[in-house]
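Asks: One structure follows; several queries about it will come next.
The values are calculated or read from the model by the stated rules, or taken from the named source; none is laboratory data. What you see is a predicted model, and the numbers here were worked out from it, not measured in a lab. Ideal geometry is used to build each Cβ from the backbone, glycine not excepted, and the neighbour counts take in all protein chains shown. Keep in mind that these areas ignore ligands, DNA and RNA; they rest on the heavy atoms of the full protein, side chains included. Shrake-Rupley method; radii C 1.70, N 1.55, O 1.52, S 1.80 Å.
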Amino acid sequence: MNTEISAAPSGPRAIPKSVWALGFVSMFMDISSEIVHALLPVYMATVLGATALQVGLIEGIAEATASITKVFSGAISDRFGKRKLLAGIGYGLGALTKPVFPLATGLEWLVGARFIDRIGKGIRGAPRDALVADVTPAELRGAAYGLRQTLDTIGAFTGPLLAMLLMWWTANNYQLVFWLAVLPAFIAVAILVIFVKEPAHASPVQARRMPLSRAQMQRLGRSYWWVVAIGVVMTLARFSEAFLVLRAVDAGLPAMLAPLVLVVMGVAYSLSAYPAGVLSDRLPRHQVLAAGMVLLVLADLALALLPGLWGLALGAALWGLHMGCTQGLLNAMVADTVPADLRGTAFGVFHLLAGVALLLASVIAGALWDCLGHEGTFIAGAMFATVAMLGFVARRQRA
């Protein structure tokens, strides 16, 4: 007797191929970006003479620019239903601006390069996040965002690792390393064009009205705005990762090895993002998010109070675990709480407000660093994280 057994795919195999492709796109673009960004704070401080406040201001403006752009690209993707096209424009712009970094001759060039690069990030971010939700069943949403975040984060720690190896290989030739970072950016664009497939009707035709109108903002609902509020306060506690690199130099690592702190953070992030996403599909998402908040408090305290390289490594690892337990999860919670035809707008607004918070946090962090050293910066971060955690607990008790 022949028995034919068929089973639906499970685990990572159940996640749509386009999500995998988007993950690899993010991975290769992050390898390119993080090779540059891992070296940029030290390059600005040691070669160009920038202060910690200037580093924080540049990084904050760059990320805020990306966040402001996201709100418009997300709304456009809702109105016209062309999420892949907008993502492609964003990734393409990111790739085309990479050669500016090795050509920069002064701080103003780097500001301009970061600004343009982050515009590309802003254009692609919200449509890409909405596209993940468009192609993924609701019961796999946490896992899908976790998988994309994991692949993205593999790039995020591979980039700094390559930066260190290339700095050693080129005898600290910043410009040559920046040139080598151009290649993976164009690989990312090629993967997006060839392998990412957009659903035929990602956004219903009847819903394609102006998404940024007051009526549409009201449709987002109170649950969505609660997710946004939590994300914003958490961002105030998690300022630019450039300060992790500065903390590494402060702890005694030479400039060539300073990106190692991002490798430690990235490994912890990548190992935790997918399991946290799967867990959030099986348990109430708020429980996983609460654990992530606790990890952020511990990370800030470790970076502020524990001396030496072991304290730095522990703080960076806890920081990465926090990111793994919160970033993909917040995206899933946004997708859970909004209508399908407003997903792009919802992600755009979320990233906009988080970006404004990141700008404020990075400027405050830089000012505290110049006045009080790293202790003041990371203790302030722990305080903001504690406020977010207490507000989250109070909100859950009222719910």
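Asks: Report the label-to-label distance for residue 80 and residue 96 in nanometres (one decimal), using points 7 Å from each Cα along the Cα→Cβ vector.
Replies: 1.5
Asks: Please give the length that would be gained between residue 171 and residue 223 if that part of the chain were fully extended, namely 0.36 nm times their separation in residues minus their C-alpha to C-alpha distance (nm, one decimal).
Replies: In short, 13.5 nm is gained.
Asks: Once the other residues with Cβ under 13 Å from the Cβ of residue 153 are scored (Lys, Arg +1; Asp, Glu -1), what is the net sum?
Replies: Once all neighbours under 13 Å are counted, the net charge is -3.
Asks: Considering only protein heavy atoms, what per residue accessible area in square angstrom results for the stretch 281-399 with a 1.4 angstrom probe?
Replies: Working: 4630 Å² over 119 residues.
For the stretch 281-399, the solvent-accessible area averages 39 Å² per residue.
Asks: List the aspartates and glutamates whose Cα sits under 18 Å from the Cα of residue 82, skipping any in the same chain fewer than 8 residues away.
Replies: Here the aspartates and glutamates satisfying the reach criterion relative to residue 82 are 129, 134, 198, 341.
Asks: If you don't mind, another one. Using 0.36 nm per residue, how much length does the chain from residue 14 to residue 387 gain when fully extended, once their Cα-Cα distance is taken away? Can you show the working numbers first?
Replies: On the way: separation 373, 0.36 × 373 = 134.28 nm, distance 3.78 nm.
The span from residue 14 to residue 387 would gain 130.5 nm if fully extended.
Asks: With a cut-off of 19 Å, note down the residues of the stretch 224-256 whose backbone N falls inside the zone around a label point 7 Å from the Cα of residue 371 toward its beta carbon.
Replies: From the stretch 224-256, the list is 236-240, 243.
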